[in-house]
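Enquirer: Before we start, here is the structure in question, set down as structure tokens.
The values are calculated or read from the model by the stated rules, or taken from the named source; none is laboratory data. Keep in mind the model is a prediction, meaning the values are calculated, not measured. Cβ atoms come from the backbone with ideal geometry, glycine included; neighbour counts cover every protein chain shown. Surface areas here come from the heavy atoms of the whole protein model, side chains and all, with no ligands, DNA or RNA. Shrake-Rupley method; radii C 1.70, N 1.55, O 1.52, S 1.80 Å.
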Amino acid sequence: MANVVDIGILVSGSGTNLQSIIDRIEDGRLDARIRVVISNNPKAYALERIKKYGIPGVIVDHRDFESRESFDLKMIDVLRDCQVELVVMAGFMRLLTPVFLKAFPMRIMNIHPALLPSFQGTHAQRRAFEYGVKFSGCTVHFADEGVDTGPVIIQAIVPVLDDDTEETLADRILREEHRIYPQAIQYYAEGRIELVGRKIKIKGIEGVAGGPLHNPPVMGF
Ligand code: GAR
């Protein structure tokens with residue numbers, strides 16, 4: 001049985017990952033309650049999305065703060081006021097300072113549109129596409145002091161097709177993001193995430209779905 005986990009979601013843009021989390025809560029598959037959505041961008045479409053659900057939205061505009069620490073302190077205040085246990089970064093395009101990381105140790109998740117540690121940082125889908133990798137994907141991980149360097153919780157592999165454009169690849173990666181983020185939060189709600197060294201183990205999971213993948217196919221070897 002899972003506890004219902006109180007989450008706060010940090011966004012900067014369109015909020016499709018936010019939407020996937022809302023949808024999974026609404027259909028009863030994700031045991032979470034969104035206490036607040038914080039956007040650093042007053043124009044983020046994510047803020048429009050939450051209106052019809054009555055989810056509180058707060059704008060904390062980084063441009064109103066003199067330092068990254070004071071910006072982070074304001075967000076910490078909001079999250080604590082809203083009794084948030086788990087912080088979920090969903091397309092949040094600011095780096096967190098140690099002040100924030102210490103306030104929520106191992107309780108900040110991030111999603112990244114690449115198979116970490118490949119293509120850390122911005123424009124990950126474009127850089128993977130231009131590099132010519134045969135597989136890319138997405139990663140949910142805990143945040144740490146680095147850029148996209150924290151312990152990996154779950155990854156999805158997405159093959160790159162010959163006729164892909166940057167956009168079609170990004171779109172297929174995004175569809176997998178919408179599956180693995182609710183799953184990662186649900187593992188958390190079920191108390192199944194365990195940190196061993198820098199590795200995450202999910203209690204009760206043995207092995208993985210599927211075996212090695214090849215792209216293009218390995219023919220007769
Ligand atoms: C997603 O693809 C997410 O992985 C990416 O921003 C997009 C946000 O989309 N995040 C990063 O690149 C963080 N480094 P959304 O606002 O529609 O969820």
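Enquirer: Any idea what log10 I(q)/I(0) is at q = 0.11, 0.24 Å⁻¹ for segment 11-128, Debye with uniform C-alpha scatterers and no solvent?
Expert: So the normalised log intensities work out to -0.38, -1.56.
Enquirer: If you average 1/r over every pair of different alpha-carbon atoms in segment 92-221 and take one over that average, what Kirkwood value in Å do you get?
Expert: Numbers: mean 1/r = 0.0630 Å⁻¹.
For segment 92-221, the Kirkwood estimate is 15.9 Å.
Enquirer: Residue by residue through segment 205-213, what is 3J(HN,Hα) from phi via Karplus (6.51 cos²θ - 1.76 cosθ + 1.60, θ = phi - 60°)? Round to whole Hz and write x for glycine and proline.
Expert: Taking θ as phi minus 60°, the curve returns 9, 10, x, 10, 6, x, x, x, 10 Hz for segment 205-213.
Enquirer: Where Rh denotes the Kirkwood radius from the mean inverse Cα pair distance, what is Rg over Rh for segment 85-130?
Expert: Numbers: Rg = 12.4 Å, Rh = 11.9 Å.
Result: Rg/Rh = 1.04.
Enquirer: Once you compute Rg and the Kirkwood Rh from C-alpha atoms, what is the Rg to Rh ratio for segment 129-170? Display every interim value, and only then the final one.
Expert: Details: Rg = 12.5 Å, Rh = 11.7 Å.
That ratio equals 1.07.
Enquirer: Something else now. I'd like the antiparallel share, as a percent to the nearest 5, of DSSP beta bridges with both residues in the chain. Intermediate results must be reported in sequence, preceding the final value.
Expert: Details: 15 of 32 bridges.
The antiparallel fraction comes to roughly 45 percent.
Enquirer: Put a dot 7 Å past each Cα toward the Cβ at Ala209 and Thr165; how far apart are the dots in nm?
Expert: Output for this residue pair reads 3.0 nm.
Enquirer: First compute the accessible area of segment 63-221 with a 1.4 Å probe, then give the percent of it belonging to carbon and sulfur atoms. List each step's numbers first, then the result.
Expert: Details: 4860 of 9080 Å².
About 54 percent, which is the carbon plus sulfur part of the accessible surface.
Enquirer: Can you tell me the dipole magnitude for segment 82-134 around its Cα centre, using point charges on the Cβ only (Lys, Arg +1; Asp, Glu -1), in Debye to the nearest 20? Working shown, then result.
Expert: Numbers: 6 positive and 2 negative charges, 20 e Å.
Computed charge dipole of segment 82-134: roughly 100 debye.
Enquirer: Can you compute the helix-only [θ] at 222 nm over the chain? Use -39500 (n - 2.57) per DSSP H run of at least 4 residues, normalise by all residues, nearest 500 deg cm²/dmol.
Expert: Values: 6 runs with 70 residues, N = 221.
Dividing the helical sum by the residues of the chain leaves -10000 deg cm²/dmol.
Enquirer: Read phi for every residue in segment 172-178 and hand back ³J(HN,Hα) as whole Hz from Karplus 6.51 cos²θ - 1.76 cosθ + 1.60, θ = phi - 60°, with x for Gly and Pro.
Expert: Once rounded to whole Hz, the list reads 5, 5, 4, 4, 6, 4, 5.
Enquirer: Using Cα centres only, tell me the gap between segment 1-77 and segment 122-200 in whole Å.
Expert: If we compute the Cα centre of each part, the gap is 20 Å.
Enquirer: Okay, moving on. Quote the relative contact order of the chain in percent (integer), defining contacts as alpha-carbon pairs under 8 Å separated by 6+ residues.
Expert: Values: 393 pairs, mean separation 42.0, N = 221.
Rounded, it is 19 percent for the chain.
Enquirer: So for segment 98-145, averaging the separation of alpha carbon pairs under 8 Å that are six or more residues apart and normalising by length, what relative contact order in percent results? It would help to have the intermediate numbers written out before the result.
Expert: Working: 50 pairs, mean separation 24.6, N = 48.
Worked out over segment 98-145, it gives 51 percent.
Enquirer: Just to be sure I follow: if Rg is taken over the C-alpha atoms of the chain and Rh is the Kirkwood radius over the same atoms, what is Rg/Rh?
Expert: Working: Rg = 17.7 Å, Rh = 18.2 Å.
On the Cα set of the chain, Rg over Rh gives 0.97.
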